[in-house]
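The values are calculated or read from the model by the stated rules, or taken from the named source; none is laboratory data. Predicted model, so just to flag it, every value in this text is computed and none were measured. Every residue, glycine as well, gets a Cβ built from its backbone with ideal geometry; the counts of neighbours run over all protein chains shown. SASA here: full protein model, heavy atoms, side chains in, ligands and nucleic acids out. Shrake-Rupley method; radii C 1.70, N 1.55, O 1.52, S 1.80 Å.
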Amino acid sequence: MEAKVRTSHYYIFVLFLAGILYSCTPRPASLFPEGKDIFGLASIIELHENETEVILPDFFHSGALDKIDSVNTHPSLRATLSADRKTLRLKARSLNIPHLTEVKVWLEGTPYSLITRKSARVNHTFTFDPGERRYRNVAIRGEMTDWTPQPMRLVDGKWQITLNLNPGRYQYLLVVNGQDMLDPRNPEKVSNNAGGFNSLVEIGTLDRTLLPGLYATGYKGNDINLQLVNDVEKVIVLWQNFRLPEENLIRHGNHMHVYVPGDAFKNERSFLRVFAYNSHGVANDLLIPLQKGLPVTDPSLLTREDREATIMYFLMVDRFFNGNPDRDDPVDDPEVADRANFYGGDLDGVLQKIREGYFSDLGVNAVWFSPITQNPLRAYVEFPEPRRKFTGYHGYWPITLTTIDHRFGDDDVLEQLVKSAHERNISVLLDFVSNHVHEDNPLIINNPDWKTTLNLPDGRKNIRLWDEHRLTTWFDDFLPSLDFSKPEVIETMVDSAYYWIDRFNLDGFRHDATKHVPLEFWRALTQKLKEEKMYPENKRLFQIGETFGSHELISGYIGSGLLDGKFDFNLYWDARAVFALDEESFERLDFSVYQSFSYYGFQNLMGNITGNHDMPRFISYAGGDLSFEEDDTESGWEREIGVGDPVGYDKLSSLTAFIMTIPGVPVIYYGDEIGIPGANDPDSRRPMVFENLTPNQLIVKENLKKLTRLRSSNMAFVYGDFNTLKVTDEIYAYSRFYFGNRAIVVFNKSREPKTVSIDLTPQLRNVNYDNHFGSDFFISDDKLELVMAPNSFEILTY
């Protein structure tokens with residue numbers, strides 16, 4: 001007993017002495033001024049071919065603009081600052097612009113660093129040889145034109161057009177005498193997931209194995225260790241929006257020590273960002289959260305304001321749960337089908353499920369719900385054939401801007417809902433409609449000139465011309481789109497959106513139809529949120545938007561002064577096809593993943609979805625009860641759409657595992673946690689089911705819960721890098737790595753069991769992994785072998 005006491009005293013003395021020594025160790029020096037002129041992290045500036053306009057209020061607080069003294073750039077760029085300090089123009093001085101450069105903006109002696117990325121665009125000429133045939137006109141439309149036809153010119157008997165495009169794959173069609181057709185000279189084609197095919201072209205092929213790579217391997221105190229791969233030429237490290245000096249970056253061959261400045265130890269939460277490039281291109285970017293100056297490696301330190309750790313759940317209020325039948329007030333109209341009417345779901349029901357722990361048990365930490373403003377009391381006939389009658393059960397036909405639909409709840413229940421969610425570390429996002437209002441909205445009744453033109457000069461109605469008249473088109477003849485060229489429209493809608501955040505302490509928005517609203521509105525809204533809410537309260541709001549379109553169009557709405565992220569529908573289309581259809585190759589999905597990275601970065605806040613309310617349920621495609629070749633809307637009216645082959649449940653779990661383990665924000669559409677089937681809207685909006693689940697539904701739900709726990713307990717899935725390990729038609733494997741937290745994700749989409757052999761990179765070797773979904777595995781030196789069931793996935797973590 002005496003020996004044990006003496007030993008105990010000895011260890012206490014050693015720990016005491018160590019504490020004294022640590023406390024005497026000098027903290028690293030502070031290098032930067034306070035720097036409160038930018039809220040959050042400044043996004044990368046994408047350089048254009050010749051000249052790039054930088055909107056400085058996107059980055060700097062409006063009160064800080066007058067403090068701008070000067071701007072320094074790389075010698076290959078010329079910077080011109082406008083007299084009002086609101087615009088910076090960057091013009092190429094030479095063709096030898098580095099892949100990444102720094103623009104240093106000085107505010108009263110404080111140097112802020114903005115990073116630019118060189119354009120990777122190349123000119124590509126599309127040619128159509130008509131042979132002996134003659135055509136009046138030929139055009140091309142596709143992902144590179146946002147599916148808007150671009151006329152081709154007849155040159156020496158061939159139709160041609162040259163487009164300046166980013167490297168990648170593009171689907172397209174020729175439009176010959178007004179009729180769509182495949183490119184007869186291009187054998188490459190891909191399913192359009194709507195019963196037809198598009199031609200496919202790959203532009204600017206790049207060998208990814210030559211690109212540089214970055215890994216955060218460890219740290220000791222303020223010394224962070226990075227591993228550099230593939231002849232890294234230059235490394236740029238930012239703490240917040242300040243570039244670390246070269247003396248804070250000590251390189252030894254393929255390893256680098258990054259010394260965190262003393263400034264970081266004064267901040268509860270700050271970030272390091274690491275960028276690099278070599279002669280072939282840009283590396284994966286690193287985002288390292290710091291807690292009091294030290295890297296965050298414990299997931300329990302993350303809060304709901306760490307948006308990168310968001311796991312979101314999307315629900316339609318009317319279809320989720322009826323918590324207060326006294327609010328029920330469906331439209332009494334015999335011409336309205338039940339599925340197009342109100343079902344009785346309300347905010348009371350959402351509040352009840354929060355309090356019951358439904359969302360916490362699922363493992364989600366953010367809930368986005370459909371719009372809740374007052375919608376009309378009667379039904380309306382849709383403009384397109386077959387002109388069915390619908391009510392505003394979905395919430396997207398606002399007749400008011402700041403009052404809650406009486407069928408959904410009132411101010412009191414929304415206040416309780418937000419408070420209860422926050423108590424459970426759950427963020428609440430509201431679906432906000434800015435593009436249009438209902439014709440009965442006093443806003444448009446009192447200001448009829450605030451709507452865009454409905455009747456076009458050519459006699460057509462400007463309805464659902466999504467791409468041709470993107471910024472003015474109406475969704476229906478009773479839903480006037482707002483004319484955002486008028487400053488008073490922008491001001492009114494910005495104030496309306498701000499009301500919801502300010503009044504109910506919401507955590508952000510899902511924005512509807514963002515591509516149909518000009519950038520001026522998003523800038524004005526984001527500036528108001530920053531300056532009146534985020535700056536004063538140090539509150540990190542989250543804005544994510546909906547845009548169907550090209551990567552180029554989508555990325556144009558993301559940035560420091562715009563939205564935080566968008567839903568990555570292009571990645572979803574590829575994931576849906578690959579996981580649902582046996583014949584689609586994983587190579588298509590892997591290419592799509594990296595194409596997204598090239599636009600949004602490896603560390604991004606793009607929404608990765610299981611599905612949503614505007615498309616058929618994934619599981620019905622995966623099980624085969626709904627075909628990609630049929631009309632996905634009419635089929636839901638003509639017959640009862642189910643799952644089909646039970647393999648659909650396995651495929652749904654695989655899709656869910658994919659979105660849970662790649663960079664970005666996973667978004668679960670209500671009902672996908674149990675595999676509710678359905679065709680397109682409104683069949684994809686069936687009532688949620690909570691009881692009497694089938695065995696298959698229970699398995700899907702348990703898989704989801706296990707996946708959310710894995711994502712929440714492994715920093716590698718939140719802040720880790722991404723590296724493809726193996727890709728074939730039927731096998732896909734990739735790794736995530738963050739400060740020694742390793743994860744390997746493997747999919748087998750074959751209908752047969754497979755033994756999968758994977759070469760492990762050095763970062764993944766010499767550790768003991770845990771498997772989480774029952775696959776047997778063996779590791780020998782640098783080889784991993786897994787025995788995988790048909791249509792299955794496995795996740796190994798260390």
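Say we look at the range 60-83 and pick out the residues that are in a strand (DSSP E or B) and more than 18 Å from residue 101 (Cα to Cα); which of these is least open to solvent (accessible area, probe 1.4 Å)?
For the range 60-83, the residue satisfying everything is 68.
Might you check whether a residue that is hydroxyl-bearing (Ser, Thr, Tyr), open to solvent by less than 20 Å² (accessible area, probe 1.4 Å) and more than 21 Å from the chain's Cα centre (by Cα) occurs anywhere in the range 513-525?
Scanning the range 513-525, I find no residue that is hydroxyl-bearing (Ser, Thr, Tyr), open to solvent by less than 20 Å² (accessible area, probe 1.4 Å) and more than 21 Å from the chain's Cα centre (by Cα), so the answer is no.
Listed residues 561, 549; which is assigned to a loop (DSSP other than H, G, I, E, B) and touching a strand residue (DSSP E or B) at 6+ places or on another chain (Cβ under 8 Å)?
That would be 561, the only listed residue that is assigned to a loop (DSSP other than H, G, I, E, B) and touching a strand residue (DSSP E or B) at 6+ places or on another chain (Cβ under 8 Å).
Could you tell me which residue of the range 185-206 is farthest from residue 722 (Cα to Cα), considering only residues that are free of Cβ contacts under 8 Å to residues at least 12 places away in the same chain and open to solvent by 30 Å² or more (accessible area, probe 1.4 Å)?
Out of the qualifying residues, it is 187.
From the list 546, 531, 552, exactly one residue is within 19 Å of the chain's Cα centre (by Cα), in contact (Cβ under 8 Å) with a residue 24 or more places away in the chain, at negative phi and open to solvent by 20 Å² or more (accessible area, probe 1.4 Å). Which is it?
Every option except 552 fails the conditions.
Can you tell me which residues in the range 191-211 are at pLDDT below 90 and among the aliphatic types (A, V, I, L, M)?
Passing the criteria: 194, 206.
Looking at the structure I just gave you, is residue 450 surrounded by fewer than 22 Cβ atoms within 10 Å (Cβ to Cβ), out of contact with any Asp or Glu (no Cβ under 9 Å at 6 or more places or on another chain), on the phi < 0 side of the Ramachandran plot and hydrophobic (A, V, I, L, M, F, W, C)?
no
Which of the residues spanning the range 172-190 are modelled with pLDDT under 95 and closer than 14 Å to residue 142 by Cα?
189, 190
Inspect the range 703-715 for any residue being under 17 Å from the mean Cα position of the chain (by Cα), basic (Lys, Arg) and crowded, with 18+ Cβ neighbours inside 10 Å and give the result as yes or no.
yes
Given the criterion closer than 20 Å to residue 597 by Cα, among the polar types (S, T, N, Q) and open to solvent by 40 Å² or more (accessible area, probe 1.4 Å), identify the matching residue among 116, 217, 209.
After ruling out the rest, the residue left standing is 209.
I need the full set of residues from the range 780-796 which are out of contact with any Lys or Arg (no Cβ under 7 Å at 6 or more places or on another chain), of a type outside the set (Asp, Glu) and surrounded by 19 or more Cβ atoms within 10 Å (Cβ to Cβ), in order please.
784, 786, 792, 793, 795, 796
Please enumerate the residues belonging to the range 496-512 that are of a type outside the set (Gly, Ala, Ser), open to solvent by less than 10 Å² (accessible area, probe 1.4 Å) and touching a His at 6+ places or on another chain (Cβ under 9 Å).
Correct list: 507 only.
So which residues in the range 420-431 are touching a residue at least 24 places away in the same chain (Cβ under 8 Å) and either open to solvent by 10 Å² or more (accessible area, probe 1.4 Å) or in a helix (DSSP H, G or I) (or both), if there are any at all? Walk me through how you get there before you give the answer.
Just the residues of the range 420-431 that are touching a residue at least 24 places away in the same chain (Cβ under 8 Å), to begin with: 420-422, 424-431.
Listed by number, the residues that qualify are 420, 421, 422, 424, 425.
Among 560, 592, which is open to solvent by less than 10 Å² (accessible area, probe 1.4 Å) and either at pLDDT below 95 or within 19 Å of residue 285 (Cα to Cα) (or both)? Step through it out loud before you land on a result.
On the way: 560 fails: open to solvent by less than 10 Å² (accessible area, probe 1.4 Å).
Exactly one of 560, 592 is open to solvent by less than 10 Å² (accessible area, probe 1.4 Å) and either at pLDDT below 95 or within 19 Å of residue 285 (Cα to Cα) (or both), namely 592.
Could you check how many residues of the range 139-163 are among the basic types (Lys, Arg), open to solvent by 70 Å² or more (accessible area, probe 1.4 Å) and under 19 Å from residue 178 (Cβ atoms)? Quick ask: steps written out before the conclusion?
The initial filter retains those residues of the range 139-163 that are among the basic types (Lys, Arg), namely 141, 153, 158.
Filter once more, so that each one left must be open to solvent by 70 Å² or more (accessible area, probe 1.4 Å): 153, 158.
Then drop every residue that is not under 19 Å from residue 178 (Cβ atoms), which leaves 153.
The qualifying residues number 1.
Identify all residues within the range 286-340 that are open to solvent by less than 60 Å² (accessible area, probe 1.4 Å) and assigned to a helix (DSSP H, G or I); write none if there are none.
Across the range 286-340, the qualifying residues are 299, 307, 308, 309, 317, 318, 319, 320, 327, 340.
Mind checking which pairs have a first residue in the range 646-671 that is in contact (Cβ under 8 Å) with a residue 24 or more places away in the chain and of a type in the set (Val, Ile, Thr) and a second that is open to solvent by 10 Å² or more (accessible area, probe 1.4 Å) and not in a strand (DSSP E or B), Cβ under 6 Å, 6 or more apart or different chains?
Going by the 6 Å Cβ cut-off, the qualifying pairs are 647/791; 665/605.
Here are some residues: 455, 435, 441. Which one is polar (S, T, N, Q), in contact with a helix residue (DSSP H, G or I) (Cβ under 6 Å, 6 or more places away or on another chain) and either over 14 Å from residue 505 (Cα atoms) or surrounded by 19 or more Cβ atoms within 10 Å (Cβ to Cβ) (or both)?
Selected residue: 435, the only one of 455, 435, 441 that is polar (S, T, N, Q), in contact with a helix residue (DSSP H, G or I) (Cβ under 6 Å, 6 or more places away or on another chain) and either over 14 Å from residue 505 (Cα atoms) or surrounded by 19 or more Cβ atoms within 10 Å (Cβ to Cβ) (or both).
Condition check ((1) modelled with pLDDT under 95; (2) among the acidic types (Asp, Glu)) across all residues:
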site	(1), (2)
26	yes, no
55	no, no
58	no, yes
90	no, no
96	yes, no
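Can you name the number of the only condition in (1) in a loop (DSSP other than H, G, I, E, B); (2) surrounded by 19 or more Cβ atoms within 10 Å (Cβ to Cβ) that residue 226 fails?
(1)
Suppose we filter the range 606-637 for residues that are within 22 Å of the chain's Cα centre (by Cα) and either on the phi > 0 side of the Ramachandran plot or at pLDDT below 95 (or both); how many remain?
So the answer is 1.
Inside the range 662-771, counting only strands (runs of 3 or more DSSP E) that do not spill past its ends, which hold 2 or more residues that are small (Gly, Ala, Ser)?
On the way: elements: 665-669, 723-727, 731-738, 741-748, 754-759.
The qualifying strands (runs of 3 or more DSSP E) are 731-738.
Select from the range 250-272 the residues that are part of a strand (DSSP E or B) and open to solvent by less than 70 Å² (accessible area, probe 1.4 Å) and list them in ascending order.
Hits for the range 250-272 are 250, 256, 257, 258, 269, 270, 271, 272.
If you take the residues in the range 365-404 that are assigned to a loop (DSSP other than H, G, I, E, B) and among the basic types (Lys, Arg), which one is nearest to residue 350 (Cα to Cα)?
Among them, the one singled out is 378.
Restricting to the range 464-491, name every residue that is in a helix (DSSP H, G or I) and surrounded by fewer than 16 Cβ atoms within 10 Å (Cβ to Cβ).
Across the range 464-491, the qualifying residues are 487, 488, 491.
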